[in-house]
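Engineer: I'd like to ask you about the structure that follows.
The values are calculated or read from the model by the stated rules, or taken from the named source; none is laboratory data. Since we're looking at a predicted model, the values are computed, not measured. Cβ sites come from the backbone with ideal geometry, for glycine too, and all protein chains shown count toward neighbours. Note: accessible area is taken over every heavy atom of the protein model, side chains too, but ligands, DNA and RNA are not part of it. Shrake-Rupley method; radii C 1.70, N 1.55, O 1.52, S 1.80 Å.
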Amino acid sequence: MTVSTNLKYTRDHYWIRLDGEKAIVGLTEYGISELGMIVFMELPDQDTHVRKGEFIGSVETAADDEHDLLAPLSGKITSVNRLLERAVMLVQESPYDKGWLFTIQLSQDSELEQLLEEDTYVQEFSLED
């Protein structure tokens, strides 16, 4: 499994790339593998204000399972990767690049303290080779 050192992680298998007061958010390779083959994604609307833990969308898999997407941080969704609506396979093919989900303008800096560093994420989910 690929895990990048320049990202932060959540226990819900999101990766977060911080850029000042903005964060780019995606699903980790491990989280995607746990879900299985993704066939459809419902992503949040741009300009939506969200609170950490709030329902923001869903993922449907080939096994006909539906999984909720919950906001990993509080803030305003500033952009959404609409390409995933037509090419959902990008989430699995390029989870840390073209398969990003959305960007969020942070409103609660204190939530950043709860994010995991790469080594902690790897250890918690036994991802070491």
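Engineer: Of Y121, Y30, which has the most accessible area with a 1.4 Å probe, and how do the rest follow in descending order?
Structural biologist: Y30, Y121
Engineer: Rounded to the nearest 500, what is the chain's calculated 222 nm mean residue ellipticity when only DSSP H runs of at least 4 contribute -39500 (n - 2.57) each, over all residues? Intermediate values should be presented prior to the final figure.
Structural biologist: Working: 4 runs with 23 residues, N = 129.
So the helix-based figure for the chain works out to -4000 deg cm²/dmol.
Engineer: Suppose the chain between E124 and L83 were pulled fully straight at 0.36 nm per residue; how much longer would it get relative to their current alpha carbon spacing? Before the final figure, lay out each step's value.
Structural biologist: Numbers: separation 41, 0.36 × 41 = 14.76 nm, distance 3.17 nm.
Length gained, E124 through L83: 11.6 nm.
Engineer: Continuing with the same structure: So if each residue of separation counts as 0.36 nm, and I subtract the Cα-Cα distance between D68 and D12, what length gain in nm does that give? Provide the component values of the computation, followed by the final result.
Structural biologist: Values: separation 56, 0.36 × 56 = 20.16 nm, distance 1.07 nm.
Residue separation times 0.36 nm, minus the Cα-Cα distance, leaves 19.1 nm.
Engineer: What net charge is computed for the residues neighbouring E29, neighbours being all others with C-beta under 12 Å from the C-beta of E29, Lys and Arg scored +1, Asp and Glu -1? Please report the intermediate quantities before stating the final value.
Structural biologist: Details: positive: none; negative: E34, E93, D97.
Once positives and negatives cancel, what remains is -3.
Engineer: Share of the stretch 50-115's accessible area from carbon and sulfur, percent, 1.4 Å? Provide the component values of the computation, followed by the final result.
Structural biologist: Working: 1520 of 3440 Å².
Roughly 44 percent of what the probe reaches on the stretch 50-115 is carbon or sulfur.
Engineer: Full-extension gain between D97 and F40, please, as 0.36 nm times their residue separation minus the C-alpha to C-alpha distance.
Structural biologist: Details: separation 57, 0.36 × 57 = 20.52 nm, distance 1.85 nm.
That works out to 18.7 nm of additional length.
Engineer: Roughly how many nanometres apart are two label points built 7 Å out from the Cα toward the Cβ at K52 and S107?
Structural biologist: 1.4 nm
Engineer: Out of these labelled values of Cα extents along the principal axes in Å, (i) 37, 37, 22; (ii) 36, 34, 21; (iii) 56, 33, 24, which was calculated from the coordinates shown here?
Structural biologist: Calculated Cα extents along the principal axes in Å: the matching label is (i).
Engineer: Write down the accessible area per residue of the chain in Å², having rolled a 1.4 Å probe over the full set of protein chains. Don't jump to the answer; show the numbers that get you there.
Structural biologist: Values: 7010 Å² over 129 residues.
Accessible surface, normalised per residue, equals 54 Å².
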